[in-house]
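What follows is a single structure, written as C-alpha cells, with notes after it.
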Amino acid sequence: MTAIIALSIFGISNLFLGFWLSRKTIQTFTLGFLALSMGLTVADWNHEYLWFGNMFRSTNTSINFSIIIQLAAFFVVAFSNAFGQDDEHTHPAEYYAIMLFSVEGAILMVSFDHLIMLFVGLEILSVSMYVLTGSDKRNLRSNEAAIKYLLMGAFATGILLFGITLVYGATRSFYIANIANAIASTPKESMPTFLYAGILLMLVGMLFKVSAAPFHFWTPDVYDGAPTIFTMFMSTVVKTAGFAALFHVFSGMFGGLYNTWALPVYFISMLTLVIGNVTAVYQQSMKRMLAYSSISHAGYMLMTVSANQATTTSTILYYSLAYTLATVTAFAIFKIVSEYQTGRVEKPENFQAFDGLAKQNPLLAFCLTISLLSLAGIPLTGGFWGKFFVFSDTFHRNITYSIIVAVLMSAVGIYYYFKGIIAAYFKTSEMETIQIPGLYKLALVISTVGTLVLGLYPTFVKTLF
C-alpha cells in the first residue's frame, strides 16, 4: 500500500520536476523513485495488510508480482535513454509520470480483493497505455495503433464489466472470498445460469488484456505502431499484471467451478500457441515477430492457469520474471539498432538490420543471443525452466495433449527466434560500432546476467516465490 501512495506522489512530482530539470536528471529521479517504491514494497514482506474497506490485500504473492512489475518498469526507464534530444516533440517528465501511474494500476491488479478494485487498477493501466501508444503524434502508425487499442480495449472492458455485473447478481458480492463462499455453498443444480455467462464474459475481457487468441488481433498493430520503449513496457508490465489478475480471479474466486472455465482456457491456450508461433514465422519485422512471440507466451502461461496446481502461482511468477528479463533485453537491442540503422538501410526494423552485428558490437550480439535463446526455451536460460515448470504443472493435471502441442510450437519458435541470431553472427554488413550510453549498457548486462542466473539456479529462484 505504501508503494501505491509513493508512486502517486512520485508521478505528480515528476510533472513538476519537468519544468526545472534536464532530461537525464528526470530519468535519474524516476529510477530513484522506482527503486524507493520497490524498497517500500519489500518492507511489507510477511505482513498481510487490508486497505480501503478490505478491497486491497497485500500478501507475499502480490508483493512478488509487484516487484516484477516495478523491475520491468525500472529497466524500461533505464533503456529510455531520456527520450533522446528531441525537445520539441518528446516530453519525458510527462511520459515518466504516466508510466509511474500505470505501474500503480498494475499493482492494484495484482493486489485486489474486490472486483471494483480490479476494475480501477485495470483502467488506470489501460488508459495510461492508450496515451503512451499514441504519444508519437507525428507517426501515423502510432496514431492508428492508439485508436485501435482504445476502441478494442473499451469493448473488452465493457465485456468484463458486464461479466462482473452478472457475477454480482448471482452472488450478491464483489469480494473475492464472499463470491467463492457463495459458489461453494450453492448446489450445482441451483446455480444461476447467468453466473456461468458472467464467468465466461469475465474470461473474455481478461484474455484480451493478455493477448490470448482469438482476442489477440490488436496486438501486432499496437506493438508495431507504438514507440518501441512503450511497446517494451506494454509487453512486460501489462502481461504480468494481466496474468496475475486472471489467475487470482479464476483460481481464488471461481475455484469451485473449475470444470466450467478450465476447458475453455485449455483450448484457448492451444489456439494461442498455434496462432502466435505459426504467424511469427512469416514476420520480416523483428518488432512484429516479438509481438506474435508475446501472443505465444500467453499460450504457455494459460497452460499453467488451466492446470491450476498448487505450484501454479510460483510458476507464473518465475515465467513472468524470465519473460520480462528476456523481452526487455530483446526490445532494448532492437531499439538501439533500429535507431542507428534509420537512414542507413531501407527497413531498419527488419532482421536484415542486424546483419553483422557481432563483428563491431559483440556485447549487443551476445545480449541479443541470450534473450532470444531464453524466449525460445533453450537450456541454461530462464526461458527453458519457465516452460519446464509450465509443462510440469500441466502434466500433473494429466493434460497431455497441450504439452504435445506446446513442444511442437516450441520447435517452431526456435526457427523464428534464430533469425536474429543468424543475422548477427553469420551475415555481413557495413555496420559500425554503435555508441551505447553507460546506463543503457549497464541495464543490458544486468538483464542478460539475470536471464542466465534464472537458467543456472532455477530451483533456488522458484523457492523464493
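Residue pairs whose Cβ atoms lie under 8 Å apart, sitting 6 or more positions apart in sequence or on different chains, and linking a residue in the stretch 385-399 that is farther than 12 Å from Asn308 by Cα to a partner that is of a type outside the set (Val, Ile, Thr) and assigned to a loop (DSSP other than H, G, I, E, B), are Gly386/Gly377; Lys387/Gly377.
Note on the stretch 127-142: residues that are touching a residue at least 40 places away in the same chain (Cβ under 8 Å) and assigned to a helix (DSSP H, G or I) amount to 5. Within the set Ile378, Ile370, Ile336, the sole residue that is outside any helix (DSSP H, G or I) and within 23 Å of the chain's Cα centre (by Cα) turns out to be Ile378. Residues in the stretch 392-410 that are surrounded by fewer than 20 Cβ atoms within 10 Å (Cβ to Cβ) and assigned to a helix (DSSP H, G or I): Ser392, Phe395, His396, Thr400, Tyr401, Ile403, Ile404, Val405, Val407, Leu408. In the stretch 51-96, of all residues being closer than 15 Å to Leu132 by Cβ and of a type in the set (A, V, I, L, M, F, W, C), the one that is modelled with the lowest pLDDT corresponds to Phe83.
This table checks each residue for (1) out of contact with any helix residue (DSSP H, G or I) (no Cβ under 8 Å at 6 or more places or on another chain); (2) within 29 Å of Tyr96 (Cβ to Cβ).
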position	(1), (2)
Gly169	no, no
Ser185	yes, no
Ser211	no, yes
Tyr223	no, yes
Phe247	no, no
Val274	no, no
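With respect to the conditions (1) touching a Cys at 6+ places or on another chain (Cβ under 7 Å); (2) more than 30 Å from Phe65 (Cβ to Cβ); (3) not charged (D, E, K, R), Thr448 lacks only one, and its number is (2). In the stretch 187-199, the residue that is modelled with the highest pLDDT out of those that are out of contact with any helix residue (DSSP H, G or I) (no Cβ under 7 Å at 6 or more places or on another chain) and not basic (Lys, Arg) is Thr193.
Can you tell me how many residues within the stretch 411-431 are in contact (Cβ under 8 Å) with a residue 40 or more places away in the chain and either farther than 26 Å from Val337 by Cβ or not in a loop (DSSP other than H, G, I, E, B) (or both)? Residues meeting the conditions: 12. Please determine whether any residue of the stretch 158-177 is of a type outside the set (A, V, I, L, M), touching a Lys or Arg at 6+ places or on another chain (Cβ under 9 Å), on the phi < 0 side of the Ramachandran plot and part of a helix (DSSP H, G or I). Within the stretch 158-177 (the criterion being of a type outside the set (A, V, I, L, M), touching a Lys or Arg at 6+ places or on another chain (Cβ under 9 Å), on the phi < 0 side of the Ramachandran plot and part of a helix (DSSP H, G or I)), the answer is no, since none of the residues qualifies.
Residues in the stretch 177-188: is at least one touching a Ser or Thr at 6+ places or on another chain (Cβ under 7 Å), in contact (Cβ under 8 Å) with a residue 40 or more places away in the chain and under 30 Å from Glu349 (Cα atoms)? Looking for residues that are touching a Ser or Thr at 6+ places or on another chain (Cβ under 7 Å), in contact (Cβ under 8 Å) with a residue 40 or more places away in the chain and under 30 Å from Glu349 (Cα atoms), one finds none in the stretch 177-188, hence no.
The values are calculated or read from the model by the stated rules, or taken from the named source; none is laboratory data. From a predicted model like this one, the values you see are computed outputs, not experimental measurements. FYI the Cβ positions are ideal-geometry reconstructions off the backbone, even for glycines, and counts take in every protein chain you see.
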